[in-house]
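As structure tokens, the structure follows; a few thoughts come after it.
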Amino acid sequence: FGVFKAFRGRAGEEFDYRFWPLEMRPILKKNKIAEQAARYVSERTEADDFVLVLGTLPQFFVLAERRCPINWLSTSAKLMDPILPEWKAIFLENLKTRQPRYVLDIDQDLPTAEIEAAVGASYLCETEFGGQACLYRIND
């Protein structure tokens, strides 16, 4: 989890985005969210638990050492529709047999209600990261 160690400063200080160009800041913020969420999820799940990311944040899975319940790492219709037009149906079908313990909503790509319907369970927002990502936990 040392992605930002060089620019973090002393313990407890916030990451200083001033060192980076404005156009890179959204990417850096997503990387920071990936780091924080990965630590949180890995501390609260087992190695064989599934975790779903709504959006595009593949680094999360490497950092958390957790599996994605689908065979690709994005839920962006803009990215997926041209590649695999039937991706959403496949995605929702996979969720029936590979229920994610957590759902990290980084890009608000899909309504949580669709996921809950496919999984057959409800999810509650347990915590937020960076003011833009909500981490939902399955309500069992």
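The values are calculated or read from the model by the stated rules, or taken from the named source; none is laboratory data. Bear in mind that the values here come from a model prediction, so they are computed numbers and not experimental data. Note that we place each Cβ from the backbone using ideal geometry, even for glycine, and neighbour counts take in every protein chain shown. SASA here: full protein model, heavy atoms, side chains in, ligands and nucleic acids out. Shrake-Rupley method; radii C 1.70, N 1.55, O 1.52, S 1.80 Å.
Miscellaneous remarks
- Residue within segment 98-111 that is more than 19 Å from the chain's Cα centre (by Cα) and either loosely packed, with under 14 Cβ neighbours inside 10 Å or not basic (Lys, Arg) (or both) present: no
- Selection count where residues are open to solvent by 40 Å² or more (accessible area, probe 1.4 Å) and part of a loop (DSSP other than H, G, I, E, B), scope segment 73-85: 3
- Pairs are defined by a Cβ separation below 6 Å, a sequence spacing of at least 6 or placement on different chains, a first member in segment 102-116 that is closer than 14 Å to ALA37 by Cα, and a second member that is at pLDDT 90 or above and open to solvent by 50 Å² or more (accessible area, probe 1.4 Å); the pairs so defined are TYR102/ARG137.
- Considering segment 1-72, the qualifying helices (runs of 4 or more DSSP H), each wholly inside and each with 2 or more residues that are charged (D, E, K, R), closer than 21 Å to GLY131 by Cα and at pLDDT 90 or above, run over 25-44.
- In segment 119-130, the condition of being outside any strand (DSSP E or B), open to solvent by 20 Å² or more (accessible area, probe 1.4 Å) and within 26 Å of LYS32 (Cβ to Cβ) is met by at least one residue.
- Looking at ILE115, ILE70, ILE138, just one residue is open to solvent by less than 70 Å² (accessible area, probe 1.4 Å) and in contact with a Lys or Arg (Cβ under 7 Å, 6 or more places away or on another chain), and that residue is ILE138.
- Hits in segment 35-67 (condition: without any contact (Cβ under 8 Å) to a residue 40 or more places away in the chain and surrounded by 19 or more Cβ atoms within 10 Å (Cβ to Cβ)): GLU35, ALA38, ALA64, ARG66
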